[in-house]
């Protein structure tokens with residue numbers, strides 16, 4: 001788990017940790033990308049997750065990615081699909097309730 005940025009939107013104010021089992025996120029041409037362990041979440045992403053608003057979480061993740069990388073805008077539809085798949089894998093591998101990092 002990254003403790004410096006939200007694993008969903010890259011916001012710097014991480015306040016929650018979601019236990020998760022590690023998983024292979026992608027494998028392309030012999031390159032494997034893994035999600036290892038817990039995921040970090042900011043307050044806003046945590047609220048979206050807890051509300052079951054996966055679409056809202058996806059849109060927040062996508063919009064913050066595109067704001068930071070406007071050159072990726074032509075690939076918005078593909079990025080949305082890829083983020084949705086990765087989020088789906090996170091939910092499938094979530095291993096418990098969120099834990100507040102600053103109780």
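Just so you know, all these numbers are worked out from the coordinates, no wet-lab data involved. Worth saying up front: this structure is predicted, and the values here are computed from it rather than measured. We place every Cβ from the backbone using ideal geometry, glycine too, and count neighbours over all the protein chains shown.
Some observations on this one:
- Inter-centroid distance (Cα atoms) of the range 2-43 relative to the range 66-103, Å: 8 Å
- Footprinting exposure proxy for 4, 35, 10 (fewest neighbouring C-beta atoms within 10 Å first): 4, 10, 35
- For the chain, the relative contact order is 34 percent, taking Cα pairs closer than 8 Å that sit 6 or more residues apart in sequence and dividing their mean separation by the residue count.
- Considering only 92, 41, 27, the Gaussian network model of the chain with Cα springs below 10 Å gives its largest mean-square fluctuation to 27.
- Exposure proxy for 48, 65: other Cβ atoms within 10 Å of each Cβ, ordered fewest to most, give 65, 48.
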